[in-house]
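The values are calculated or read from the model by the stated rules, or taken from the named source; none is laboratory data. Bear in mind that the values here come from a model prediction, so they are computed numbers and not experimental data. Neighbour counts run over all protein chains shown; Cβ positions are idealised from the backbone, glycine included. Each accessible area value is taken on the protein alone, full model and side chains, heavy atoms only, with ligands, DNA and RNA left out. Shrake-Rupley method; radii C 1.70, N 1.55, O 1.52, S 1.80 Å.
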Amino acid sequence: MSVLTNPAAATRIVPAVVFDVRRPQRMIERSAFVYRRSWLVIVTGFFEPLFYLLSIRIGLSALVGDVDAGGVLVPYDQFVAPGLMAASAMNGAVFDSTMNVFFKIKVSKTYDAVLATPMSAGDVAVGEIGFAVIRGALYSTAFMLTMWGLGMVQSPWIVMSVPACILIGFAFASLGMALTTYMRSWEDFEYVPALTLPLFLFSATFYPISQYGNYAWAVRLSPLYHGVELVRAANLGQWDSSIFGHVAVLVGLTAVGIAVASRRIEALLLT
Amino acid sequence: MVGAQDPVVARQLVKKFDDFVAVDQIDVHVAPGEAFGFLGPNGAGKTSTMRMIGCISPVSSGELRIFGLDPEADGRKIRARMGVVPQLDQLDNELTVMENLVIYGRYFDLSRRDARAKAAELLDFVQLTERADSKVEPLSGGQQRRVSIARSLINDPDLLLLDEPTTGLDPQARHVLWDRLYMLKERGATQIITTHFMDEAEQLCDRLVVMDAGKIVAEGSPQGLIAEHVRREVLEVRFGHGRNEEQVEKLDGIGGRIEALPDRLLIYADDGEAALSELHRREVVPESSLIRRSSLEDVFLKLTGRTLVE
């Protein structure tokens, strides 16, 4: 009998929940039930990029002029729009995976009922992260279309900005969910903006990483920076080997986040 | 006889939370088709035992087999054959009654069509068809509990776990629920019920164990336990607060056993009427008296010296 067909043997070798994911789509289906009555929430997703991008276009673009993005001069609004798109993907994923998940763990006890069925903690974690990512992908698509409508798109490669934002969504939803399992009360959520705001401001979002001079290494520690670089590359249609590194960082963070989140959900609810 | 595939076989089962021993080396066997009860006060270890059987709580030590399977290795497989009604309803407040049942069926891998058909059938069974499209929140406590029961049946479980199914319900809602549970029993579903209501255990359970402080202190059928531990009837007499204990010596030889509580004396006797006549003959006249059948409450009182619900 191979290890794969014998879960008992598998649990002794590796932590069970990392691989105990079989029906995450059922959690996504549950969310679809919840949101099919609130489709308006999806529509309002267009407003955020529209207001953001308009404000940049109206004010900053003329003041700042062109910016050097990896050797190419681009108008400021076209430089900054991908940064905002990546940040928006981060914020959406963090929101979905922190407050919403905490409520379901502590208040509504949604997961307790789910775990009494053949569903596992891994299914819950991956399913909830999966839905956050799907919703994020819809918003990112809206963001991309708004950029296109406002003439901020440089290259047809912009379509790759949506998969890039999906990677950002996975990374931040996984990390957000993992973090949430350590939250004791609503007060602890004060720490969330304390983490995401510096990421938003200092991830080469508003100006090139070269501006950071000797501190560029610090910017590279930001997960969002890697997302911003991917979306910006998509908008400029400039791909080089560095994207593999950015993708690897986001995928790695996702794996860590899912592993921690599943194990912690198991520890919290299956006592 | 213990069969290898029996719903529950536990030997020396223990549940510990840090230093606290919630379940202390219990042996339990539940046969197919049986309605089995865990009776005990709050904190006796009933819910901890149920959670281990439900494969949502790891066993600390001892052996537990559900349908012959090990919960640690085959939790998913076991849960697939089980229905659980938790102590506090964990219904999905974001969904309607119908959606609650359908998505639950999906967790058990039912097709959408089957889940919907089964959900409609079960809502009919618990008499809530007209509330199918209502959200959960506006329903009464009894209705919510019925939704929980309907939801727990979505996978046609071989084993149904009911953790204090009627706690917090009014008498009428309790009777509706008992009626449905009895129908399920007639259909052959194995049921495990925890309760701290002796009348509920007597109504619903073929066999039960009495738990106290994590241990099993008695085991048998409700009637068997009553016959074994107490007499057929109880004469309850009240002499006024604080004056009950001092009457005991005057009652020597009446009935089988006398239990002195702060507010009343319980005299266990085969014939309560005769015991009361004897009291009057000795000119011991209580403020009030009541003759009733003995219950599991009396069994518990005898075994532990405490009442179940106070």
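Ordering B:Ala117, B:Leu181, B:Gly272 by Cα displacement along the dipole of the stretch B:117-272 toward the positive end leaves B:Ala117 in first place; charges were set at the Cβ atoms of Lys, Arg (+1) and Asp, Glu (-1).
Taking all protein chains together and a 1.4 Å probe, the residues B:His175, B:His229 rank B:His175, B:His229 from largest to smallest accessible area. Of all beta bridges that DSSP places with both ends in the protein assembly as shown, some 70 percent have antiparallel geometry. Averaged over peptide B:51-58, the number of partner chain Cβ atoms lying within 10 Å of each residue's Cβ comes to 3. Between A:Leu145 and A:Ala194, the modelled labels are 3.9 nm apart [label points 7 Å from Cα along Cα→Cβ].
Computed from label points 7 Å out along Cα-Cβ, the spacing between A:Tyr212 and B:Val284 is 8.8 nm. Positive contributions from Lys and Arg (+1) and negative ones from Asp and Glu (-1), summed over other residues with Cβ under 12 Å from the Cβ of B:Ser221, come out at -4.
Global dimensions of the protein assembly as shown from alpha-carbon coordinates: Rg and Dmax equal 31.4, 113 Å. Using only Cα atoms and rounding to the nearest 10 degrees, what angle (0 to 90) does helix A:161-180 make with the longest principal axis of chain A? Between the helix axis and the principal axis of chain A, the angle is about 50 degrees.
Derived scalar couplings between HN and Hα for the stretch B:261-269 equal 9, x, 9, 6, 10, 10, 10, 7, 8 Hz in order, rounded to whole Hz, by the Karplus curve 6.51 cos²θ - 1.76 cosθ + 1.60 (θ = phi - 60°), x for Gly and Pro. At full extension, B:Asp206 and B:Asp114 could sit 29.8 nm farther apart than now, given 0.36 nm per residue minus the alpha carbon distance. Remark on the stretch A:24-269: ratio of C-alpha radius of gyration to 2.2 N^0.38 Å is 1.03. Relative to the longest principal axis of the Cα atoms of chain A, the long axis of helix A:24-35 makes an angle of roughly 70 degrees.
Which of rounded, prolate, oblate describes the stretch B:242-294, given a ≥ b ≥ c as roots of the alpha-carbon gyration tensor eigenvalues and a/c under 1.5 marking rounded, otherwise prolate only if a/b is larger than b/c? The shape class here is rounded. Rounded to the nearest Hz, the phi-derived 3J(HN,Hα) couplings of the stretch A:68-75 under the Karplus curve 6.51 cos²θ - 1.76 cosθ + 1.60 (θ = phi - 60°) are 7, 9, x, x, 10, 8, 10, x, where x marks glycine and proline. Taking amide H as placed 1.01 Å from N in the peptide plane, the amide H of B:Val217 sits under 5 Å from that of B:Val210, B:Met211, B:Asp212, each at least 5 places away or on another chain. Couplings for the stretch A:212-217, taken from phi via the Karplus curve 6.51 cos²θ - 1.76 cosθ + 1.60 with θ = phi - 60°, read 7, x, 5, 9, 4, 4 Hz in order; Gly and Pro are left as x.
Rolling a 1.4 Å probe over the protein chains gives B:Asp109 an accessible area of about 80 Å². When the listed pairs A:Lys109/B:Lys185; A:Lys109/B:Lys77; A:Lys106/B:Lys135; B:Lys215/B:Lys302; B:Lys15/B:Lys77 are checked against a 18 Å cut-off, the alpha-carbon distance exceeds it for A:Lys109/B:Lys185; A:Lys109/B:Lys77; A:Lys106/B:Lys135; B:Lys15/B:Lys77. The largest accessible area among B:Lys77, B:Lys15 belongs to the first residue in B:Lys77, B:Lys15, and the rest follow in falling order (1.4 Å probe, all chains).
Rounded, prolate or oblate: pick one for the stretch B:115-163, where a ≥ b ≥ c are the square roots of the eigenvalues of its C-alpha gyration tensor, a/c under 1.5 means rounded, and failing that, prolate if a/b is larger than b/c, else oblate. Since a/c reaches 1.5 but b/c is at least a/b, the shape of the stretch B:115-163 is classed as oblate. Measuring with a 1.4 angstrom probe and ignoring ligands and nucleic acids, A:Phe47 comes out at about 110 Å² accessible. How tilted is helix A:76-97 with respect to the longest principal axis of chain A? Cα atoms for both, answer in degrees (0 to 90, nearest 10). Result, in degrees: 20. Placing +1 on the Cβ of each Lys and Arg and -1 on the Cβ of each Asp and Glu in the protein assembly as shown, which of B:Phe38, A:Leu84, A:Ala121 has its Cα farthest towards the positive end of the resulting dipole? Toward the positive end, the furthest listed residue is A:Leu84. Count the net charge of all other residues whose Cβ sits under 12 Å from the Cβ of B:Ile193, scoring Lys and Arg as +1 and Asp and Glu as -1. Cβ neighbours under 12 Å give a net charge of -3. In the context of the full protein assembly, B:Asp212 retains an accessible surface of approximately 30 Å², using a probe radius of 1.4 Å and ignoring ligands and nucleic acids. Of the residues A:Tyr111, A:Tyr207, the one with the largest accessible area comes first in the ranking A:Tyr207, A:Tyr111, computed with a 1.4 Å probe on protein heavy atoms. Over all Cα atoms in chain B, the spread is summed up by Rg and Dmax: 22.2, 74 Å.
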